[in-house]
Amino acid sequence: MNIFQAILLAIIEGLTEFLPISSTGHLIIGSSLIGVAPSDFSKLFIVAIQLGTILSVVVLYFKRFFQSIDFYTKLFVAFIPSAILGVLLSDKIDSMLESPMTVAITLVLGGIILLFVDKWFQKATYEDSKDIDYLTALKIGFFQCLAMIPGMSRSGATIVGGMSQKLSRKAAAEFSFFLAVPTMFGATAKKLYDFYSHGHSITAEELNILLIGNFVGFLVAIIAIKSFIGFLNRHGFKIFGIYRIVVGSLLIALLALDYNLQII
C-alpha cells in the first residue's frame, strides 16, 4: 500500500463511517478498484484508520464527552453486546469479510429497509440522546450487533435501532456517533493486538501511512458528520436506501460476470 492509496481509502472511510451505507463494503470495493494488494498491514490499516474518525466525534461533541459519568455508563451498556459477540464470533466475522457477495446482498437488503424507515418510525419521544434510559441503550447495542454482517453498516443499524426506540433522527444519529467511539476503539485495539501477537511489526514507512490515513480520515469525517445531521433532518433515509440498492446491485452484477474483486 502506498500513500496515495492510503489517502483514497481514508477519504472513503471518513465519508462512509457515519453514513448508513457501510464503510466496510465501500472499503472492500475501493481497495479492489485501486489495486491494494492483500497483506497483513493492509488489513490492519482498514481497521486502524478508524482512530481518526473516532477523534472527529470527540472533537465535534467535546462537551458531551465531559458532561457526566452517566453518559459513559450508557455507552458502556450499549457497547457490551457487540463486544461479547465480537470476541465469540471473531473467526466467523473474518470469513464473512472475505465474501464480496455477502457484502453486495447485505447492501441491497439494508437499502430496502432504509426506504421505509422514515414511515415506520415517525413519532419520537426522545429529542436528545442523553434522555434515554439504560434499557434503551442496551437495545440499541443489540442492533449494533447486526453490523457484524459485512455491508450492513454500523451507523445504519444503530440509527434505525435508536429510532425504533422512539429517538428522533438527530438523537439516534448522535447516539450512533457516540457509540462508535468505544466500538471502533475496541475493534482497533483488538486488531493491533492480533497483528503484533502474530509476530508482525510496523515499519517506519507503514507508520507514516497510518498517520496520514488517520489525519485524512479525521478531516473528512468532521465534514461528513456535520453535513449528515442536517441532510438527515431535511430528507430522511430514502436517498441512502436507493444508493445502497444501486451499489449493491452493481456489485452483484460484477460478481456474476466473474469480476475479480480482490479482498485485502
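Brief remarks follow.
- Label corresponding to Cα extents along the principal axes in Å when calculated from the structure given, among [x] 49, 43, 38; [y] 48, 42, 34; [z] 54, 37, 27: [y]
- Over segment 27-72: Rg over Rh, Cα atoms, Kirkwood Rh: 1.23
- Listed from fewest to most Cβ neighbours within 10 Å, the set Asp258, Asp40, Asp70 follows the order Asp258, Asp70, Asp40.
- Two tests apply to each whole DSSP H helix in the chain, Cα reach of 24 Å or more along its axis and mean Kyte-Doolittle hydropathy of at least -0.5, and the ones passing both are 69-88, 100-120, 169-197, 204-235, 238-256.
- Result for the chain in a Gaussian network model with C-alpha springs under 10 Å: among Gly86, Gly217, Gly14, the largest mean-square fluctuation is at Gly86.
- Gaussian network model of the chain, springs between alpha carbon atoms under 10 Å - residue of Gln50, Gln67, Gln122 with greatest fluctuation: Gln67
- Mean ellipticity per residue at 222 nm, deg cm²/dmol - from DSSP H runs of n ≥ 4 across the chain, formula -39500 (n - 2.57): -24500 deg cm²/dmol
- Among the chymotrypsin sites (Phe, Trp or Tyr not before Pro) within segment 1-86, those in coil by DSSP and having at most 13 neighbouring Cβ atoms inside 10 Å are Phe62.
- Most fluctuating residue given options Ser42, Ser32, Ser227, as computed from a GNM of the chain linking Cα atoms under 10 Å: Ser227
- Pair Val58, Ile84: separation of 7 Å Cα→Cβ label points (nm): 2.8 nm
- Look at where the Cα atoms of segment 1-67 and of segment 207-251 average out, and the two centres are 10 Å apart.
Coordinate-derived values only; no laboratory data. Fair warning: this is a prediction, and the values are worked out from it, not measured in the lab. For neighbour counting, all protein chains shown are included, and Cβ atoms are generated from backbone atoms with ideal geometry for every residue, glycine included.
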